[in-house]
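Below is one structure; the comments refer to it alone.
The values are calculated or read from the model by the stated rules, or taken from the named source; none is laboratory data. In this text the structure is predicted, and so the values were computed from the model without any measurement. Cβ sites come from the backbone with ideal geometry, for glycine too, and all protein chains shown count toward neighbours. The protein model used for the area step is the full one, side chains on, heavy atoms only, and it has no ligands, DNA or RNA in it. Shrake-Rupley method; radii C 1.70, N 1.55, O 1.52, S 1.80 Å.
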Amino acid sequence: MKPLKLVAQPLTKEAFTQFGDVIEVDNATHFSINEGGVERYHDLADVQIDVESGGKAIISYFKINEAKTFPHSFNLIERHPKASQAFIPMFDAPVVIVVAPKGETVTGADLKAFVTNGKQGFNFHTGVWHMPLVSEVKDRLFVVVDRSGPGDNCDEYIIENETIELILP
Ligand SMILES: NC(=O)N[C@@H](O)C(=O)O
Ligand code: NI
């Protein structure tokens, strides 16, 4: 079967709107605090949590235990039906992500790959399909803002009958 080759496009707020938020200082609302000693880049992402059903926002670190080789073949994607999930890299290097619009089925044609500019994080909105985090470099660290609480918050989906290859730009 001919693989579907996914080539990442640059991550921009405009291109990512239907999937979530881009976390970056460029063009962000910002103001001086602490008597001018600190600049606050304010309200960069919409943290969506199902507090009404017992969910709460948590902050975690994700550390890459296993570097992936690229092109990276995958066919499993996932979504979080109860909350958003933000990733903030603790390093200055591009990160490749793959998303697909909300919905009950996904095909390879629905997938979009993005690559950060090395100074961006990203926040998947509730229910947005995404490839689980991968990196070509071991030990990279990410701050992750997502949810803990009752019930399952991770739906997995296998894209059938397609071989998808994610290519590093
Ligand atoms: N499983 C988990 O917490 N991580 C995934 O949700 C992911 O998007 O990497
Ligand atoms: Ni996830």
Hey, residue 59 farther than 25 Å from residue 10 by Cα, within 16 Å of ligand 2 (Cβ to nearest atom) and open to solvent by 70 Å² or more (accessible area, probe 1.4 Å) or not:
yes
Determine whether segment 28-37 contains at least one residue that is at pLDDT 95 or above and within 20 Å of the chain's Cα centre (by Cα).
yes
Which one of 95, 106, 137 is within 16 Å of residue 23 (Cβ to Cβ) and of a type in the set (Val, Ile, Thr)?
95
Segment 107-127, residues that are surrounded by fewer than 20 Cβ atoms within 10 Å (Cβ to Cβ) and part of a loop (DSSP other than H, G, I, E, B)
107, 117, 118, 119, 126, 127
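Kindly establish whether residue 161 is among the polar types (S, T, N, Q), closer than 23 Å to residue 65 by Cβ and assigned to a loop (DSSP other than H, G, I, E, B).
On the way: among the polar types (S, T, N, Q): yes; closer than 23 Å to residue 65 by Cβ: no; assigned to a loop (DSSP other than H, G, I, E, B): yes.
For residue 161, the condition - among the polar types (S, T, N, Q), closer than 23 Å to residue 65 by Cβ and assigned to a loop (DSSP other than H, G, I, E, B) - is not met.
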May I ask you to list the residues in segment 69-88 that are basic (Lys, Arg) and outside any strand (DSSP E or B)?
82
Flag if residue 23 is within 16 Å of ligand 2 (Cβ to nearest atom), in contact (Cβ under 8 Å) with a residue 12 or more places away in the chain and under 13 Å from the mean Cα position of the chain (by Cα)
yes
Counting only residues that are in a strand (DSSP E or B), open to solvent by 50 Å² or more (accessible area, probe 1.4 Å) and either basic (Lys, Arg) or out of contact with any Asp or Glu (no Cβ under 8 Å at 6 or more places or on another chain) (or both), segment 15-56 contains a total of 5
Condition check: on the phi < 0 side of the Ramachandran plot, open to solvent by less than 40 Å² (accessible area, probe 1.4 Å) and either charged (D, E, K, R) or more than 14 Å from ligand 2 (Cβ to nearest atom) (or both). Does residue 93 satisfy that?
yes
Residue count, segment 128-169, condition within 11 Å of ligand 2 (Cβ to nearest atom), among the acidic types (Asp, Glu) and either without any contact (Cβ under 8 Å) to a residue 12 or more places away in the chain or surrounded by 15 or more Cβ atoms within 10 Å (Cβ to Cβ) (or both), comes to 1
